[in-house]
Structure formats: structure tokens, C-alpha cells
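Here's the structure we're looking at; comments come further down.
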Amino acid sequence: MGHIRPEHHVVFADELDNASEVVVYANATILGGDTVIGRGAVIGSNVWLTHSVPPGTVVLLEKPAHRIKG
């Protein structure tokens, strides 16, 4: 699982209904106050999540595009 800062309270849906199916990929960092990760949510690799996400949400990091001028 990614990093969860101990001074913040993160609630995964399974703590609420015991059936979360939440997926958190490597190097994901979950920050924020009372952050709730909804049932069936997917948090992608290298994502910095700073707020709650509703059930079924997929959070991904978009890769920056290289632009070459000249």
C-alpha cells in the first residue's frame, strides 16, 4: 500500500461496510484530514490524493508530455 501519514485519519470503505474492494497501487500517497476512500475506488501509482473520493472512482496520474520546439 502507499504512504498514509499517521497524523491523518483515512477511512477505507471496508471500515464502514466490510466490503470495500479498494485498490491502492505502489507509491500512492493519501493525505488530508478525514479522507474517505469509497467502495470500489482505484488509486493509481504515484498519485498524491488530498481529498475523499466517491465509490467507484479511478484516480490516475497523467504523464507529462514532452514538447520540443524548433
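Give Gly70, Gly32, Gly40 a once-over and let me know the one that is in a loop (DSSP other than H, G, I, E, B), modelled with pLDDT under 85 and surrounded by 13 or more Cβ atoms within 10 Å (Cβ to Cβ).
Only one candidate qualifies: Gly32.
What's the total number of residues in segment 21-48 that are in contact with a helix residue (DSSP H, G or I) (Cβ under 7 Å, 6 or more places away or on another chain) and in contact (Cβ under 8 Å) with a residue 24 or more places away in the chain?
The number of residues fulfilling the criteria is 3.
Return yes or no: is Asp17 among the acidic types (Asp, Glu), modelled with pLDDT under 90 and open to solvent by less than 90 Å² (accessible area, probe 1.4 Å)?
Here the answer is yes, as Asp17 does meet what is asked.
The values are calculated or read from the model by the stated rules, or taken from the named source; none is laboratory data. Being a predicted model, the structure only gives us computed values, none of them experimental. Ideal geometry is used to build each Cβ from the backbone, glycine not excepted, and the neighbour counts take in all protein chains shown. Ligands, DNA and RNA are stripped out before the accessible areas are found, and what is left, the full protein with its side chains, is counted by its heavy atoms. Shrake-Rupley method; radii C 1.70, N 1.55, O 1.52, S 1.80 Å.
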